[in-house]
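Read through the structure below, which is laid out as structure tokens, and then see the notes.
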Amino acid sequence: MNESYGLEAAAALGVDPSVVFKTLVVTGDKMYLAIVPVTHRVSLKLAAAAIGERRLTMSAPAEAERATGYVVGGISPFGTRRRLGVIVDASVRDHTKVYVSGGRRGLDICVAVDDLIRICAATVADIVA
């Protein structure tokens, strides 16, 4: 998996990378979407604590694609095949609008932070290492 999709997106959009967020699929007793800035890594320990899971692991790419209906590198928090819980890093509150994947590699959409949180019924917490 190319770990620079988000940084490439920020460069292509001509925006600060801190406003571009990536969507990762993590698994505990259930599957969740963890949304973090492309400049950071998700802390599985912090994310688990934020949602009351004992432990989280990164989902295998095939598992993530099956659950979301999107390809890795283009997983959107909107319109997933299955409804998954969503955890967004608290740094999202530093912005009024952020960019998230629109459902395929190379397609990012700008969304108001309050709308992202509301539409996804997201938990907002410090989840980056």
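Coordinate-derived values only; no laboratory data. Predicted model, so just to flag it, every value in this text is computed and none were measured. Ideal geometry is used to build each Cβ from the backbone, glycine not excepted, and the neighbour counts take in all protein chains shown.
Descriptive notes on the structure:
- For the chain, DSSP calls about 65 percent of its internal beta bridges antiparallel.
- Classification of segment 76-129 by its C-alpha gyration tensor yields an oblate form. The axis ratio a/c (a ≥ b ≥ c) is 1.5 or more, and b/c is at least a/b.
- For segment 5-125, a simple Cβ point-charge model (Lys and Arg +1, Asp and Glu -1, everything else neutral) yields a dipole of about 380 debye relative to the Cα centre.
- Residue 88 long-range amide H proximity, modeled H, under 5 Å: 35, 123, 124, 125
- Of the DSSP H helices in the chain, those whose Cα atoms cover at least 30 Å axially and whose Kyte score averages -0.5 or more: none
- Cross-link partners of residue 97 among lysines (Cα-Cα below 23 Å; sequence separation of 8 or more within a chain): 22
- For Cα Rg over 2.2 N^0.38 Å, the value computed from the atomic coordinates appears in the list [x] 0.94; [y] 1.19; [z] 1.56 under label [x].
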